[in-house]
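Working notes, beginning with the structure itself.
The values are calculated or read from the model by the stated rules, or taken from the named source; none is laboratory data. Computed from a predicted structure; not experimentally measured. Glycine gets a Cβ as well: all are built from the backbone with ideal geometry, and neighbour counts include every protein chain shown. SASA here: full protein model, heavy atoms, side chains in, ligands and nucleic acids out. Shrake-Rupley method; radii C 1.70, N 1.55, O 1.52, S 1.80 Å.
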Amino acid sequence: MNALARESGAPALFGYVMDSDCVVVEAAGPESGAWTTCLARTAMAARIGAGPDGLALEDYFLEPPDAAERAVAWAEEAGRTADPERLLEVLTAEPDPLAENLFFRLLDRLSVVPL
């Protein structure tokens with residue numbers, strides 16, 4: 001993501017939906033840097049499990065409040081506005097019923113696409 005943001009000169013965001021259960025979100029901006037979080041944290045935690053290395057969900061993904069803060073900075077760099085409280089709602093929500101819907105809601109809250 002960092003390379004894409006640097007090469008394009010614009011913020012980049014990627015969402016990887018995993019079986020409609022959860023979403024990995026990676027983003028970067030040329031100035032704000034890279035960050036990674038997930039949507040549908042309960043499903044993601046079940047998918048990751050407790051590995052033999054002892055790593056947990058928090059070792060891979062930003063906590064929702066930190067992700068909301070980074071997402072606001074990302075949106076500002078993209079020339080958009082985002083409300084951290086509304087982002088936090090999405091970042092802590094469970095899929096209803098599909099994780100894709102959470103990703104689309106995140107994009108809407110980042111003012112990227114209208115719902």
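With every protein chain left in place, what is the accessible area per residue of the chain in square angstrom, probe 1.4 Å?
Averaged over the residues of the chain, the accessible area is 54 Å².
Tally Lys/Arg at +1 and Asp/Glu at -1 over every other residue whose Cβ is under 11 Å from the Cβ of ASP19; what's the total?
On the way: positive: ARG47; negative: ASP21, GLU100.
Once all neighbours under 11 Å are counted, the net charge is -1.
All other residues with a Cβ under 14 Å from the Cβ of PRO65 taken together, and with Lys, Arg as +1 and Asp, Glu as -1, what is their net charge? Could the numbers behind the result be given before it?
On the way: positive: ARG41, ARG70, ARG86; negative: GLU58, GLU63, ASP66, GLU69, ASP83, GLU85, GLU89.
Cβ neighbours under 14 Å give a net charge of -4.
Quick check on the chain: helices-only [θ] at 222 nm, where DSSP H runs of length 4 and up contribute -39,500 (n - 2.57) each and the sum goes over total residues. Nearest 500, please. Working shown, then result.
Numbers: 6 runs with 52 residues, N = 115.
After summing the helix terms and dividing by the residues of the chain, the value is -12500 deg cm²/dmol.
For every other residue with a beta carbon closer than 11 angstrom to the beta carbon of THR42, add +1 if it is Lys or Arg and -1 if Asp or Glu, then tell me the sum. Mind dumping the intermediate values first?
Numbers: positive: ARG41, ARG47; negative: ASP21, GLU94.
So the environment of THR42 carries a net charge of 0.
List the residues whose amide H sits under 5 Å from the amide H of ARG80, counting only those 5 or more places along or on another chain, with H placed 1.01 Å from N in the peptide plane.
Here the answer is none, since no amide H 5 or more places off falls under 5 Å of that of ARG80.
Quick one: give the max-minus-min coordinate of the C-alpha atoms of the chain along each principal axis, largest first, in Å.
Between the extreme Cα coordinates on each principal axis of the chain lie 39, 31, 23 Å.
Testing the spin-label approximation: label points 7 Å from Cα along Cα→Cβ at SER111 and MET18. State their distance in nm.
A separation of 3.2 nm, rounded to one decimal place.
Calculate one ³J(HN,Hα) per residue across the stretch 19-36 by plugging θ = phi - 60° into the Karplus curve 6.51 cos²θ - 1.76 cosθ + 1.60, and present them in order as whole Hz with x for glycine and proline.
Calculated HN-Hα couplings, in order: 6, 6, 9, 7, 9, 8, 10, 10, 8, 7, x, x, 9, 7, x, 9, 8, 9 Hz.
Taking θ as phi - 60°, what are the ³J(HN,Hα) couplings along the stretch 102-110 by the Karplus curve (6.51, -1.76, 1.60), each to the nearest whole Hz, with x for Gly and Pro?
Values, residue by residue: 5, 5, 5, 5, 4, 4, 4, 5, 8 Hz.
Between LEU4 and ALA56, what length comes free when the chain is fully extended (0.36 nm per residue of separation minus the Cα-Cα distance, one decimal in nm)? Let's see the in-between values first.
Details: separation 52, 0.36 × 52 = 18.72 nm, distance 2.78 nm.
Full extension from LEU4 to ALA56 adds 15.9 nm.
Quantify, in whole percent, the carbon and sulfur part of the accessible surface of the stretch 47-115 (1.4 Å probe; protein heavy atoms only).
Values: 2140 of 4060 Å².
Whole-percent figure for carbon plus sulfur exposure: 53.
Whose amide H sits under 5 Å from the amide H of ASP21, counting only residues 5 or more places off or on another chain, with H placed in the peptide plane?
Amide H to amide H, under 5 Å and 5 or more residues apart or across chains, ASP21 pairs with ALA99.
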